[in-house]
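I have placed the structure first, in the form of structure tokens, so that the comments after it can refer back to it.
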Amino acid sequence: MVHEANIHIHHLTRVEGHGDITAVIQDGELKEVQFSVVEAPRFFEAFLRDRAYDEVAHLASRICGICAVSHRAAALKAIEAAFDVKVSEQTVLLRRLAFYGEILSSHVLHLYFLVAPDFLGVPSLLHLAERERETIKRAMRLKRLAYDLCREVVGRHTHPVAMNAGGFPFVHDEAGLLRMKDRLIEAKEDIRETVSLFRGLSLPSFERETEYVSLKHPSVYPFYGGDLFSSESGSLAPEAYREAVREYVQPHSTAKYARWNRSAYMVGALSRVNNNHGLLGPFAREAADRLGLEAPCHNPFMNNSAQVVESALCVEEAVQIIDRLLERGVRSEEELAPVHPCSGRGVGAVEAPRGTLFHEYAFDDQGRCLEANLVIPTAQNLGNLEEDLRSYAPGLVDQEESVIERALEVLVRAYDPCISCSTHVVRLERDPSTHEQAGMKGGSTMKESREPDEREERDALCPECGHAFKAYVDRVVQDDKKSGMRQKIECPVCGCGECSVVQPGT
Amino acid sequence: MKKEKPRIAFFDFACCEGCQLTVLQLEEKLLDLLDHVEVAAWRVAISGGSDAYDIAFCEGSISNREDEERLHRIRETAGTVVSLGTCASIGCHNALKNQWTGGEVLELVYGGEAGRFETLPARPVASVVPVDYQILGCPASLPEIEIVLKRILTGQPHPLPNNPVCVECKRNDNLCVLEKGVMCLGPVTRCGCDAICTSYGDACQGCRGLVDEPNLEAAVRVLTENHRHAIMDAVARGLRVDRERIRTWFSLYNGPDLQLEQEKTGHGP
Amino acid sequence: MMRDRSLPSYCVISPGSVLDFTAGILGKGPVMGPMVRPDQPGFHVFDRLRRPEDLVLEYTTTTMPPKKAFFPPTETVFRFSAGDPPNLTPVRGDPPWVLLGVHPCDLSAIDALDRAYSFPPPDRRWRHNRDRSIIVGVDCMPDEYCFCDSLGVSQARRPCDLFLTEIERGYLVETHTRAGGELLGEARTSNALGQDFLEAEHRRRQKALGIQARLSADPGRLADFLEAEPFQEIWEDIAARCYSCGSCNTTCPACFCFTMDDVFHWDLQSGERRRAWDSCQLLDFAAVAGGHRFREDRWQRVRHRWHRKFLHLYRRFGRPFCTGCGRCSRACTADINILDETNRIIAAATKGRGHA
Amino acid sequence: MPETGKRAGVPADWTYLPEPARIVSIRREAVDAVIELELADRSALGHKPGQFVQVSMFGFGEIPISICSSPTRTGRFKLCVRPAGHVSNALYRASEGDWVGIRGPFGRGFPIRTMRNRDVLAVAGGIGLAPLRSLIQYVRDNREAYGRLVVVYGARNPSLILFRTDVEAWTRGEDVEMFLTVDEADESWTGRTGVVTGPLKEIDLSTRSTVAAVVGPPVMFRFVAAELLAKGMNRRRIFFSLERRFECGIGKCGHCQLNGMYVCQDGPVFRYSDLEGFSEAVEARAPER
């Protein structure tokens, strides 16, 4: 029985990047629980400026070694939107195929290397070398399959090559695709075994309903694109993501947080399955049924199961895409959709393994990047993760400290946080106040958004509720701004009446 | 001769962790590796971890004080320090922000709040502590990781490959991408990647840094004047191809190197 | 070997029979020939032929020369493993290739390499691969980079076994060796008629006319010039433009430098020694342990390339180690054209001495 | 010109395949190791003074090393290794009983025929003493066939003196005129200081009957040659052993090409007169003409 405990898990292992969990228990009551990202900041949004558009695409994949295809694709979609480039169907099919490779590799890595050890009671999969050789071999096989699929389509898994604006500068080898297809079909058995493995693991029966956000497409499972969809408020064009996604900064973490309708929302495999359940093919549906995953599912631990389902989906749909490609015949795209840089702005939204990913860029007429805004799945999930921790931890306070520690770790890991992705992390001294970070305003450049009044705006953020409300301000006072009026707006969350923002006029 | 197995550890700093993921791609060979080493710490793959290790692989650039201290501790512990990947070896794109001072970059990103934050110019591992082995590449190439691992375990040095990418590109029987209208930094970039980008018809962006004694003056002239197809292509798309553009392009991975080269030769792009 | 006085002999093979002929060879062993790589449409590479229809006999020069059939870009020379004494297992060379569709310039280059690698002491790896090979040449049409005619190799036949010249009825086939005759074997051929020879002759004339680019001195004089004068300014001028990327050497059909290194296998006891193409234009080519580099300056390396091709090897083997195929000029990332630069040297040497 | 050893059991078919040789003994000196080797079949190497072998440390690579023992001594042969690269480092660290690979001997050695009945002047700088030791031993073992034997040896400092026991023996020996000098003396040093040209100036040579063999760093050649020419020596009687990168040893890999010659086959010992006009042999590094 623990009545007093100060749990601090420093540099949580088996996640991507650096994160700490802090939980303070006093008198048998949970006082505080936090997940902090302590990754060193990398300033992508700063140094992408002035870069030519092809360098932007090149650098974009460097945001994350595990979701490089997603980042590259999001950047390409944004660039192609900005320059009004239409890519061929073949290119779209190939990009989708690359996504299946990446999603599969990411899910397999997470499920087998990061999650499974929790449930098998070992520190790492490598420790199973003796005991579960078959499991290890299967994990390796699936991972290799996913990597090879990426290699076939985009040269390599980490930092794809030749995945360019306008299309691919090389011709894919039909024989290679055919070999991949055979291997994918063979891999179905491994997927079934994976389903069996995760079916056998007992997940905590914790539930908390939240807002599920993902892309949604009428006919295709939406990794590569679709409308933006929230389980609370329905569809939205991806270009309008700023109307809904509101990013803010918490003092204990170097990654940004985000909110939508509720104070927090969830993205990722579970959200995708919840929002696109009808699009699962027979093989993926079979997996979902065997895992007992029914939409809507409110158990965040089931994110792992959703990942298994998506792994099945990747294998299933990759085969279909290869069939489609071979049927059409893979052709040289010698006349790649020509990219003529022009002054413009574009948004690219895709589903990265961990959830919805937005890239937005503005370019000048030479195709040089004027500004960049990147919204990363893990950042969007952090708020929801903390709320889950807050609602999950009180049920654990009677347990041994090590048990609490492990349980909290397992919950965090279920989210598969990918912290290296945190493109615009900030480093704050421990400070009671919460700070909102300047986002991008429609039509204005970043520079303009940093008017002297901004300081005033930040300083006025709410110290009480811990929630920034710039999102609210942006939405509410947008029209007033045009009138050039200055307006004082109070925090709508805490209602203390003391915190307010002076919204600058134009 | 059989002694205790050396203990190996992986650490990451500001990076995308892609290089460590590449190490994971050793797959079955990981088990071979485990015949020769013990893994003391590898946060991406293993819970727990030990502070006693002999060989430390460091991925990423050093861009804040905490990381700097962590790296110093690693250097004190490990007999062998390896900088894994371009971020760790030459600074990579992390160093792009160094073109501004710390204050400026913060100003750029955080405006009036700049005073609240701290950032140091991103530096390669070797600029902070002495490094025994360097592995280049964004991400590091798996065959090279293997070679370096073997060299470490057999006590051999690993000199940085000093041929330009063109050598490997040609060995792969590729048509020069320049002939296809793609501007390429391959001729001045270190090889070791098996010319993967150009083999897929893409441009080399110089992720492995400059070769020794690169002819930068020629590179700029070639890229701005001589390039039959590539320049025609760019011009057809309404782009200016000038020194400024090439200089920016070179700095993608070579910011720190370029400065050195400029100091050494008195001219750079 | 006794010279077979019945050779060369002639016959004609129809385009359709070429396909059968190719299919027949494919059934017997590995074949390498020019084809289009799917990712590089419009350009040809020598690669292993798997389907007869992939063979392209009318092509402009490939990016990389066919020497790789006998001297691969990278190869394992031998394997070693621990033992007392250690076990050393030589790794035999490449398969006995039938090399199809080789242009006269590349035939001439293979001949050059035959001489260089057979010069005592011989490189037995090359000889091993060459001795088992059969080469079928094909006549070509030049492009703007070709200057083979001024080096006297535009009609080269040696060391081919068969040689094809395109004519109205298909190909006029010259059988140069008994092995070539055996290869032709049961292929459906017809007797060569007077008309066929006339056509082939006409084609050769057309080709000679098509070669616009010319060296402005014969190779012998060029060698004398290079020996006599320093041409320092010219080397330095070329060096100022040169990247030292080595593309000129790596695409050259007559270059044959290499380097060797070892790799361990994962048991860290056994491993292999590998050989790879090298290039004298690279900075470290002439470096020795301790760091000293002979030919440290770029212009020295540039000069070395010209000297080696047109002077040193010319003196040793009686022929330049350049076939005028133009690959290096095409491949040069800095647009340095071997013919233009060589003619500049000749012009500098003959200036004030009357005609070239 | 031997392409490889002509002993039984050598797979002549395989140009680049070494023969195993065992390290019989290894003596590490200050910065060098003298390694005594024996071929697996215990046959003699069959080399001449001034030739070199390609030595493989399997898994590390292959490097050329000149043979520092005379063929007149035993069936075994000795190599002097200074750790300068990763192969030589590994060789320096090797132990007795370890196996290495040997190809060769390669190249032309010193002109022992030309030297016959003439005076021999051996000028060594640094590790250049290693190949010359082979010559010195050879001449001493065939003493009656040669005239004077003058050895001039310059080391950078006293701790870098190679073959100390030999050097001492030669100093004492009546059949050798030994001149030892160091560039930088330390407290214990009582001998000569300065570069090798110092002693050269003093030596009274019968220039008409002397043959000089010079081995040392590239920068040394220029000064030594200038000194010898000043003494009136014929440039045809001055021999240099050149250092280059050798990969194949048989004039194929191209690394050691020096104008029309391959140093590994046509050298490494060259007549000075043959190097004249060879821009890369002499320019910047070698004597002015």
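Among the residues of region A:64-102, which ones are closer than 25 Å to A:ARG368 by Cβ, crowded, with 24+ Cβ neighbours inside 10 Å and β-branched (Val, Ile, Thr)?
A:VAL69, A:ILE79
Can you tell me which condition C:PHE80 does not meet? The list is (1) within 29 Å of B:ALA195 (Cα to Cα); (2) more than 9 Å from chain D (Cβ to nearest Cβ), and all the others hold.
Unmet for C:PHE80, out of (1) within 29 Å of B:ALA195 (Cα to Cα); (2) more than 9 Å from chain D (Cβ to nearest Cβ): (2).
Anything in region C:46-65 that is buried (at least 18 other Cβ atoms within 10 Å of the Cβ) and in a helix (DSSP H, G or I)? List them, or say none.
Once the filter is applied, which keeps residues that are buried (at least 18 other Cβ atoms within 10 Å of the Cβ) and in a helix (DSSP H, G or I), region C:46-65 yields only C:PRO52.
Kindly list, by first and then second residue, each pair from a residue in region B:209-221 that is at pLDDT below 85 to a residue that is acidic (Asp, Glu), limited to pairs with Cβ atoms under 7 Å and residues at least 6 apart or on different chains.
What qualifies is B:LEU216/B:GLU261.
For region C:28-42, which residues satisfy the criterion of being of a type in the set (D, E, K, R) and farther than 25 Å from C:SER133 by Cβ?
Within region C:28-42, just C:ASP39 meets the criteria.
Within region D:39-49, is there a residue that is under 20 Å from D:SER88 (Cβ atoms) and in a strand (DSSP E or B)?
no
Among (1) closer than 27 Å to D:PRO83 by Cβ; (2) at pLDDT 90 or above; (3) buried (at least 17 other Cβ atoms within 10 Å of the Cβ), where does D:LEU160 come up short?
(2)
From the residues in region C:204-226 that are part of a helix (DSSP H, G or I) and modelled with pLDDT of 90 or more, which one is nearest to the chain's Cα centre (by Cα)?
Checking each candidate, the answer is C:PRO219.
Here is a yes/no grid of residues against (1) more than 7 Å from every other protein chain (Cβ to nearest Cβ); (2) over 28 Å from B:LYS29 (Cα atoms):
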site: C:ALA254; (1), (2): yes, yes
site: C:CYS257; (1), (2): no, yes
site: C:MET260; (1), (2): no, no
site: C:VAL263; (1), (2): no, no
site: C:CYS280; (1), (2): no, yes
site: C:VAL288; (1), (2): no, yes
site: C:TRP299; (1), (2): yes, yes
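Take D:LYS201 and decide whether it is under 16 Å from D:TYR153 (Cα atoms) and surrounded by fewer than 23 Cβ atoms within 10 Å (Cβ to Cβ).
Here the answer is yes, as D:LYS201 does meet what is asked.
Given the residues A:CYS297, A:CYS314, which is the only one that is part of a loop (DSSP other than H, G, I, E, B), surrounded by 18 or more Cβ atoms within 10 Å (Cβ to Cβ) and under 22 Å from the mean Cα position of the chain (by Cα)?
Working: A:CYS314 fails: part of a loop (DSSP other than H, G, I, E, B).
Only one candidate qualifies: A:CYS297.
Of all residues in region B:15-46, which are at pLDDT 85 or above, closer than 17 Å to A:GLY65 by Cβ and of a type in the set (Gly, Ala, Ser)?
Within region B:15-46, just B:GLY18 meets the criteria.
Which numbered condition trips up C:GLY185, out of (1) outside the structural domain of C:GLY318 (by TED's automatic domain parsing); (2) touching a residue at least 12 places away in the same chain (Cβ under 8 Å); (3) surrounded by 14 or more Cβ atoms within 10 Å (Cβ to Cβ)?
Looking at each condition in turn, C:GLY185 falls short on (3).
From the list C:ARG315, C:ARG274, C:ARG308, C:ARG303, which residue is crowded, with 20+ Cβ neighbours inside 10 Å, within 13 Å of chain D (Cβ to nearest Cβ) and in contact (Cβ under 8 Å) with a residue 60 or more places away in the chain?
Checking each option against the conditions leaves just C:ARG303.
If I go through region C:125-146 residue by residue, how many of them are in a helix (DSSP H, G or I) and either touching a strand residue (DSSP E or B) at 6+ places or on another chain (Cβ under 8 Å) or farther than 15 Å from C:PRO253 by Cβ (or both)?
Of the residues in that region, 5 qualify.
Hey, which of the helices (runs of 4 or more DSSP H) in region A:69-168, taking only ones fully inside, have at least 2 residues that are of a type outside the set (Asp, Glu) and closer than 19 Å to B:ASP202 by Cα?
Once the helices (runs of 4 or more DSSP H) in region A:69-168 are filtered for at least 2 residues that are of a type outside the set (Asp, Glu) and closer than 19 Å to B:ASP202 by Cα, what remains is A:89-108, A:133-154.
Under 8 Å between Cβ atoms, at least 6 apart or on separate chains: pull out the pairs that start in region C:46-62 with a residue that is more than 23 Å from C:ASP143 (Cβ to Cβ) and end on any residue that is surrounded by fewer than 18 Cβ atoms within 10 Å (Cβ to Cβ).
Correct list of pairs: C:ARG48/C:PRO30; C:PRO52/C:LEU19; C:PRO52/C:ASP20; C:PRO52/C:ALA23; C:GLU53/C:LEU19.
Exactly one condition in (1) small (Gly, Ala, Ser); (2) in a loop (DSSP other than H, G, I, E, B); (3) without any contact (Cβ under 8 Å) to a residue 60 or more places away in the chain is false for C:ALA23; which is it?
Looking at each condition in turn, C:ALA23 falls short on (2).
B:LEU136 passes all but one of (1) within 11 Å of another protein chain (Cβ to nearest Cβ); (2) at pLDDT 90 or above; which number fails?
Going through the list (1) within 11 Å of another protein chain (Cβ to nearest Cβ); (2) at pLDDT 90 or above, B:LEU136 breaks only (1).
Is it the case that region D:167-183 has a residue that's farther than 27 Å from D:ASN117 by Cα, at pLDDT 90 or above and either touching a Cys at 6+ places or on another chain (Cβ under 7 Å) or acidic (Asp, Glu) (or both)?
Looking for residues that are farther than 27 Å from D:ASN117 by Cα, at pLDDT 90 or above and either touching a Cys at 6+ places or on another chain (Cβ under 7 Å) or acidic (Asp, Glu) (or both), one finds at least one in region D:167-183, hence yes.
Among what's in region B:20-29 and is under 23 Å from the mean Cα position of the chain (by Cα) and more than 7 Å from chain A (Cβ to nearest Cβ), pick the residue that is surrounded by the fewest Cβ atoms within 10 Å (Cβ to Cβ).
B:LEU26
Name the residue, out of A:ARG331, A:ARG345, A:ARG324, A:ARG262, that is assigned to a helix (DSSP H, G or I), surrounded by fewer than 20 Cβ atoms within 10 Å (Cβ to Cβ) and either in contact (Cβ under 8 Å) with a residue 40 or more places away in the chain or not assigned by TED's automatic domain parsing to the domain that holds A:SER235 (or both).
A:ARG324
The values are calculated or read from the model by the stated rules, or taken from the named source; none is laboratory data. Worth saying up front: this structure is predicted, and the values here are computed from it rather than measured. Because the Cβ atoms are built from the backbone with ideal geometry, glycine has one as well, and the counts that use them run over all protein chains shown.
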